[in-house]
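Engineer: Encoded as structure tokens, here's the structure I'll be asking about.
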Ligand code: PHB
């Protein structure tokens, strides 16, 4: 019993007992550290989609079990097992950090429990590790890098990459390099620093001395605020334009002048002028005290939309797992980013928008790649 009370206290629920017929959703996300805001916004987006359905899934009440994964791969195995074995969640939703998500996916695969990834881009998740029960509503790292490379190739002949040294940085840079070099550009150097370090100064000095036409970067969360500011303060902005997928996402207010005018490529833009996006933004603002949603909120929202499709197809009966997964596989979601479907490997097929940072908005100014599909050659779906 002590354990049940812990769960209730932890999730902030006020009830005194867990009803056996609740749908239990395990949210394993970063609620502290560099990625804390990403975890919060994913959670907000997820809960909003459920709230829009009257707070129920296929007529069943919903219970959230949240767990702070601290973006720490070393704790991922124990944390994922806790949610599945101790808390008996019906679905595992997470996470942001690629390294943590890779371990979660191994645990979810062997337990056979549905897993929905609302951010982590690790290529393997919908590649070698793909499985009928694993879905992603965000992007693959390859996709995120490829979109930026496609844009940069239209404008520049040489570039330097600066990225965190872990799966997300390595794989996004590889996707960037592939598109940039295919378009005639040359990557002169790939500079790295360990996650989640933010000592950019020596690397900026190196970029200045290499003198590429442009720079590509992947760092994320709180670190991208510091990078944009350091880059600006070093006087590099006007000489060597800086690009990335995430560098301005959700942080424009904190970045101030340093991010204005930056061009990025991502599968969402808060400035997307569609009725669907506008109503989503309105609904999100209303639910969360005026806060503007970002790509992370959208990915969380779509994770819930996808789960809703699955559970509604089996009228809430989670024991009909095969039928539920089939419905999720064939889902066509009305996402704020635009119509969203999934590839054979369960990765989003999506347009990659060109955005320009203006004021506190990433304004959509074009499309870098239409309906970009991750080729996922390693995926052998059982
Ligand atoms: C990742 O680790 O896959 C990751 C983290 C933060 C991002 C994007 C990708 O903004």
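Engineer: Given 0.36 nm per residue, what is the gain on full extension from residue 205 to residue 332 after removing their alpha carbon distance, in nm?
Structural biologist: 41.0 nm
Engineer: Ratio to report: Rg/Rh of the range 19-71, with Cα atoms as the point set and Rh obtained by the Kirkwood method; give two decimals.
Structural biologist: Working: Rg = 12.3 Å, Rh = 11.8 Å.
Computed over Cα atoms, the ratio is 1.04.
Engineer: Oh, and also: Pairing the Cα long axis of helix 36-51 with the longest principal axis of the chain, what angle in degrees results, from 0 to 90 and rounded to the nearest 10?
Structural biologist: Approximately 50 degrees, to the nearest ten.
Engineer: With bins 10 Å wide starting at 0, give me the P(r) of the chain over every alpha carbon pair, in whole percents.
Structural biologist: 5, 25, 34, 23, 9, 2, 0
Engineer: Can you sort 24, 109, 276 by how many other beta carbons sit within 10 Å, fewest first? Show your work: numbers first, answer last.
Structural biologist: Numbers: 24 20, 109 17, 276 14.
If I rank by nearby Cβ atoms, fewest first, I get 276, 109, 24.
Engineer: How would 97, 267 line up from fewest to most surrounding beta-carbon atoms within 10 angstrom? Walk me through the intermediate numbers first.
Structural biologist: On the way: 97 33, 267 25.
By the 10 Å Cβ count, ascending: 267, 97.
Engineer: Where the convex hull is taken over the Cα atoms of the range 280-382, what is its projected area averaged over directions, in nm²? Let's see the in-between values first.
Structural biologist: Details: hull surface 33.5 nm².
So the mean shadow area of the Cα hull is 8.4 nm².
Engineer: Sticking with this one: Most fluctuating residue of 119, 141, 330 in a GNM of the chain with Cα springs under 10 Å: which is it?
Structural biologist: Looking only at 119, 141, 330, the largest GNM fluctuation is found for 330.
Engineer: Mean shadow of the range 136-272, computed from the convex hull of its alpha carbons, in nm²? Before the final figure, lay out the partial values.
Structural biologist: On the way: hull surface 30.5 nm².
Spelled out: convex hull of the Cα atoms, projected over all directions, averaged, 7.6 nm².
Engineer: From the helices alone, meaning DSSP H stretches of at least four residues, give me the mean residue ellipticity at 222 nm for the chain, per-run term -39500 (n - 2.57), in deg cm²/dmol to the nearest 500. Numbers along the way, then the final one.
Structural biologist: Details: 12 runs with 142 residues, N = 382.
Result for the chain: -11500 deg cm²/dmol, rounded to the nearest 500.
Engineer: Report the Rg/Rh value for the range 302-358, based on alpha-carbon coordinates and the Kirkwood definition of Rh.
Structural biologist: Numbers: Rg = 13.8 Å, Rh = 12.4 Å.
For the range 302-358, the value is 1.11.
Engineer: Another question about this same structure. Give me the distance in nm between label points sitting 7 Å out from Cα along the Cα-to-Cβ direction at residue 279 and residue 189, one decimal.
Structural biologist: The answer from the label model is 5.2 nm.
Engineer: Decide, for the range 231-302, between rounded, prolate and oblate: order the square roots of the alpha carbon gyration tensor eigenvalues as a ≥ b ≥ c, take rounded if a/c falls under 1.5, and otherwise choose prolate if a/b is larger than b/c, else oblate. Walk me through the numbers before you get to the answer.
Structural biologist: Numbers: a/c = 2.82, a/b = 2.11, b/c = 1.34.
Since a/c reaches 1.5 and a/b is larger than b/c, the shape of the range 231-302 is classed as prolate.
Engineer: Can you tell me the 0 to 90 degree angle between the C-alpha axis of helix 275-287 and the longest principal axis of the chain, rounded to 10?
Structural biologist: 70
Engineer: State the antiparallel share, in %, of DSSP beta bridges confined to the chain, rounding to the nearest 5.
Structural biologist: On the way: 19 of 50 bridges.
Among the beta bridges of the chain, antiparallel pairing accounts for roughly 40 percent.
Engineer: Also, quick follow-up: Order of 148, 363, 93 from fewest to most other C-beta atoms within 10 Å? Display every interim value, and only then the final one.
Structural biologist: Numbers: 148 32, 363 16, 93 28.
So the ranking, lowest neighbour count to highest, is 363, 93, 148.
Engineer: With a ≥ b ≥ c the root eigenvalues of the C-alpha gyration tensor of the range 137-177, is it rounded (a/c under 1.5), prolate (a/b larger than b/c) or oblate? Numbers along the way, then the final one.
Structural biologist: Details: a/c = 3.27, a/b = 1.38, b/c = 2.37.
Verdict is oblate for the range 137-177.
Every read-out reported here was derived from the displayed coordinates using simple, explicitly stated rules and does not represent laboratory data. Model, not experiment: these values are computed from the prediction. In this analysis, Cβ positions are derived from the backbone assuming ideal geometry, glycine residues included, and neighbour counts consider all displayed protein chains.
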